[in-house]
Structure formats: C-alpha cells, structure tokens
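A quick write-up on the structure given underneath.
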C-alpha cells in the first residue's frame, strides 16, 4: 500500500538545505495531519461537534475549526486503508478517553512509516542526496 498525500507546498527559500529525519518531519507536519484527520473522523463519522472533538483530542476548538476549514495541516491523506485506520483511532479515543490519543497517534505514524510514506513525500518521492540517513529511502 502506498499512501497518496497531496496539497503540500514546499518552497526552498534558503541557501542551505537542512536535513530532516522521519521523526522530525512527522513532528512538524505528520502529527498535525493525523490530528486533523482524527478530528474530521470524529465529526463526520461519529457526529461529534467541533468542540467535542477538540475536548476528546485535548486541543483547542479553534484548532479543530482551522483543520476543518483547511487552514492548518494542509497535507491531505487520500489512502482508503489509512483513512479506515484513522477512523478506528477516532473511535478508540472517543470510547476509551484521552489516554488513547498518544498510542493511537503512534499507531497511525507506524502505519505510515511501515508503508513507505516517509518524509520522501516532502521531496516529491525522492530525497535530495544526503537529506536523510534513516534507511527509509
């Protein structure tokens, strides 16, 4: 399964190229997208309000509103298998409480990593030489 991730703009506005590991990329870009998709699932699949989804995820209702409006976490996940996993995570968090936020986020991150959608999607499918040495290329 290869993940299709769209709508990410990368602009190289500096004279040097900063190396990023998978974990650093996920911290800045991946986790917000996972939170966004979990919040969307809570709202669309389970009927929660934006405020309720925010409370379940431990984030502000303004953050959820910005996710819904597309102002935050502009990467979009279109892979149906991953979206089903995210839906399961949303259900688990709703059912079992906020103690499941971190394990479910880590589970989704592991799925992304194990299926090859690592930070290479930042660079259009291939790392520039020396951009990462984590063995995911």
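Only the coordinates and a few stated rules stand behind these numbers; no lab work does. The structure presented is a predicted model; accordingly, all values stated were derived computationally and were not measured. Using ideal geometry, Cβ is built from the backbone for each residue, glycine included, and neighbour counts are taken over all protein chains shown.
Numbers at a glance
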| read-out | value |
| --- | --- |
| Residue order, fewest to most surrounding Cβ atoms within 10 angstrom, among 49, 92 | 49, 92 |
| The stretch 21-121 - Rg over Rh from alpha carbon coordinates, Kirkwood radius | 0.94 |
| Cβ-based exposure ranking for 45, 79, 98, in which fewest neighbours within 10 Å come first | 98, 45, 79 |
| Taking the stretch 21-121 and dividing mean pair separation by its residue count, relative contact order in percent (alpha carbons under 8 Å, at least six apart) | 34 |
| Label-to-label distance, nm, for residues given as residue 61 and residue 46 (7 Å Cα→Cβ offset) | 1.8 |
| Rg and Dmax [Cα atoms of the stretch 39-91; Å; Rg one decimal, Dmax integer] | 10.8, 28 |
